Amino acid sequence: MAEIAVQEVLEAVPHLARAGSQHLWFDFDEEADVLYISFEKPQQATDTDPLDDDTLMRYRGEHLVGITILNVSKRFGANKH
């Protein structure tokens, strides 16, 4: 099981590197099934732009500071522990 998780993270690395941010923070709220991706800490977002029903782009002015993904388990088939 751990080997699969490591492989999936390694497959994501090229995509994460292209995000153009020096730092990335990931917070998963298992109860709410929401993944928060932050490009800055604290985000201090002032605006939200829905990309689709389950993806929210979080902005401070014109600057993208984070992405919120709802229903993670349903969308990506993630197994809850």
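The values are calculated or read from the model by the stated rules, or taken from the named source; none is laboratory data. Just so you know, these numbers come straight off a predicted model, no measurement behind them. Neighbour counts are summed over all protein chains in view; Cβ atoms, including those assigned to glycine, are modelled from backbone coordinates with ideal geometry.
Numerical summary
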item: Close pairs (8 angstrom Cβ cut-off, 6 or more residues apart or separate chains): of a type in the set (F, W, Y) in region 46-65, surrounded by 11 or more Cβ atoms within 10 Å (Cβ to Cβ) anywhere; result: Y59/A45; Y59/T46; Y59/D47; Y59/T48; Y59/V65
item: Filter pass, T46 being exposed (fewer than 12 other Cβ atoms within 10 Å of the Cβ) and modelled with pLDDT of 90 or more; result: yes
item: Filtered residues of region 32-43 (kept if modelled with pLDDT under 95 and either basic (K, R) or more than 11 Å from the chain's Cα centre (by Cα) (or both)); result: E40, K41, P42, Q43
item: Residue list for region 49-66, restricted to those being touching a Phe, Trp or Tyr at 6+ places or on another chain (Cβ under 8 Å) and under 19 Å from S21 (Cα atoms); result: L64, V65, G66
